[in-house]
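Comments concern the structure below.
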Amino acid sequence: MIELRNVTKTYPNGTKGLNQINLTVEKGEFIAIVGLSGAGKSTLLRSINRLHDITDGEILIDGKSITTAKGKELRMIRRDIGMIFQGFNLVKRTTVLRNVLAGRVGHHSVPRTLLGLFPKEDIDLAFEALDRVNIVQKAYARADELSGGQQQRVAIARVLAQKAKIILADEPVASLDPLTTRQVMDDLKRINMELDITTIVNLHSIDLARQYATRIIGLQAGEVVFDGPVSEATDER
Ligand code: ADP
Ligand code: ADP
């Protein structure tokens, strides 16, 4: 589903965010990326979705190169990838429903969505997504009236409405309390299992990684220092 071939990302100031990474992710995996601050976790996710260009190597999504894709081809690949961020990335002053509908934008021509017109099928998909993360009763609330955990569930619903095949979550629970953290991680795990969505989650906590992931990848200074099933991820490494 995702393949990184010899991927290096060097920032303009010379910092190597990633150094010759090789990685293959199969459909339906739930992977936790762990490592200290600055290890390259965000750089890895941003590279996969091509939020920035890599310096060397190639990244394939479902067999297609996102590294060389342009225009429509790039948009089509990106449509399959949903991003979830630490800061939720919602439009705060509009409704939850509109935030979830934003996941449909890539499925339509631009002029239509600029006017905010979505077909009924999109509205249905948005409600179905909200229902899946148990927040349908908040559909008409303003996004910034919700708690952090609820906002993150809206962000998950947006990715579901997008019908993404891949979820990349960058420290999705970093600002949440332990109970809310568990709820958001439970949602991500349930969606991964029910819909077979390939999921990569950046986490600070190795304990959370052990509880939820099937495979753990450890990064350090832009390099993979551990890659294996949870059962092999001990503190003694
Ligand atoms: P985290 O450890 O939570 O990922 P960072 O401090 O590494 O946070 O990065 C926070 C933001 O600052 C990111 O958008 C990252 O791209 C940017 N950033 C990190 N280091 C640098 C740097 N040396 N120069 C410019 N931007 C940076
Ligand atoms: P993590 O997500 O694991 O905290 P990052 O991927 O944010 O790590 O950062 C990896 C390395 O790249 C760090 O040394 C960071 O300072 C550096 N870095 C990140 N973003 C930038 C940037 N925009 N410019 C320069 N250096 C950056």
- Query: Of VAL25, VAL34, how do they rank once you tally other Cβ atoms within 10 Å and put the fewest first?
  - Reply: VAL25, VAL34
- Task: Using amide H atoms built 1.01 Å from N in the peptide plane, name the residues 5+ places from GLU29, or on other chains, whose amide H lies under 5 Å from its own.
- Result: THR199
- Dipole magnitude of the chain, debye to nearest 20 (Cβ charges: Lys/Arg +1, Asp/Glu -1, about Cα centre): 940 debye
- Message: Report the Cα centroid-to-centroid distance between the stretch 160-237 and the stretch 1-77 in angstrom, as an integer.
- Response: 17 Å
- Task: Would you calculate, for the chain, the mean residue ellipticity at 222 nm contributed by helices, counting each DSSP H stretch of 4 or more residues as -39,500 (n - 2.57) and dividing by all residues, to the nearest 500?
- Result: -10000 deg cm²/dmol
- Note on the structure: The answer for the per residue Cα convex hull volume of the chain, in Å³, is 128 Å³
- Message: Restricting to bridges with both residues inside the chain, how much of the DSSP beta-bridge set is antiparallel, in percent to the nearest 5?
- Response: 50 percent
- Item | Environment charge of LEU203, counting only residues whose C-beta is closer than 14 Å and scoring Lys/Arg +1, Asp/Glu -1 | +2
- Query: In degrees from 0 to 90, rounded to the nearest 10, what is the angle of the helix 148-161 Cα long axis to the longest principal axis of the chain?
  - Reply: 90 degrees
- Computed P(r) (all Cα pairs; the stretch 1-110; 10 Å bins; percent): 12, 39, 34, 14, 1
- Query: Going by how many other Cβ atoms sit within 10 Å of their own, how do ASP53, ASP124 line up, fewest first?
  - Reply: ASP53, ASP124
- Task: Hey, can you grab everything whose amide H is under 5 Å from the amide H of ASP227? Only 5+ residues off in sequence or another chain; H modelled, so Pro and N-termini drop out.
- Result: GLY218
- Task: Please tell me which of these pairs span more than 25 angstrom C-alpha to C-alpha: LYS165/LYS189; LYS70/LYS120; LYS70/LYS163; LYS27/LYS189; LYS9/LYS92; LYS64/LYS120?
- Result: LYS70/LYS120; LYS9/LYS92; LYS64/LYS120
- Ranked by Cβ crowding within 10 angstrom, fewest neighbours first, how are VAL224, VAL230 ordered? VAL230, VAL224
- With both partners inside the stretch 110-237, how many of the DSSP beta bridges are antiparallel, as a percent to the nearest 5? 55 percent
- Given H placed on each backbone N at 1.01 Å, which residues far from GLN86 in sequence or on other chains put an amide H within less than 5 Å of it? ASP170
- Proximal charge balance of GLY35 [Cβ under 11 Å; K/R count +1, D/E count -1]: 0
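Only the coordinates and a few stated rules stand behind these numbers; no lab work does. Not measured: the values here are computed from a predicted model. When we count neighbours, we look across all protein chains shown, and the Cβ atoms used for this are built from the backbone with ideal geometry, even at glycine.
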